Amino acid sequence: QVQLVESGGGLVQPGGSLRLSCAASGTLDPYAIGWFRQAPGKEREGISCGSDSNSFTWYADSVKGRFTISRDNAKNTVSLQMNSLKHEDTAVYYCAAKFGYGLGIESNEYDYWGQGTQVTVSS
């Protein structure tokens with residue numbers, strides 16, 4: 001059983017940066033971690049995921065080059081660094097954990113979810 005607690009969301013201006021954190025109640029080894037977001041009126045979108053060791057990562061085209069997933073298994077924490085934020089990045093962001101070593105980009109592959117944190121990009 002893994003509980004995830006997110007932090008770091010908030011209001012940021014276009015072009016700015018935020019760093020989201022996902023703290024787990026226990027070890028994240030071996031769990032893959034995915035980041036998802038859902039904007040009002042839109043489907044939930046997978047934006048990034050990393051394998052248990054973060055040796056394999058995936059990014060959606062919409063965030064590639066701007067977002068970076070990282071983890072510190074010793075601290076049971078996964079982060080999502082978000083740079084060059086745009087209005088269309090506004091959404092509720094979720095982290096999720098999937099048992100195993102491989103990547104997963106579908107939300108139904110994940111076993112545990114954080115509560116979500118609001119990211120608003122506005123001038």
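The values are calculated or read from the model by the stated rules, or taken from the named source; none is laboratory data. In this text, all values refer to a predicted model and were calculated from it rather than measured experimentally. Neighbour counts run over all protein chains shown; Cβ positions are idealised from the backbone, glycine included. With ligands, DNA and RNA removed, areas are computed over all heavy atoms of the protein, side chains included. Shrake-Rupley method; radii C 1.70, N 1.55, O 1.52, S 1.80 Å.
The loop-placed chymotrypsin sites (Phe, Trp or Tyr not before Pro) in segment 72-123, going by DSSP, that have at most 15 neighbouring Cβ atoms within 10 Å of their Cβ come out as Y101. Taking 4.7 Å between C-beta atoms as the pairing limit, the chain has these partnerless cysteines: C49. Only protein atoms count toward the accessible area here, which uses a 1.4 Å probe; on the chain, the carbon and sulfur part of that area reaches 47 percent.
For segment 1-72, the set of GluC sites (Glu not before Pro) satisfying both a DSSP loop assignment and a count of at most 15 other C-beta atoms within 10 Å is given as E43. For the chain, the solvent-accessible area works out to 49 Å² per residue, with a probe of 1.4 Å and every protein chain left in place. For segment 4-88, with equal point scatterers placed on the C-alpha atoms only and solvent neglected, what are the log10 I(q)/I(0) values from the Debye formula at q = 0.24 1/Å, to two decimals? So the normalised log intensities are -1.28.
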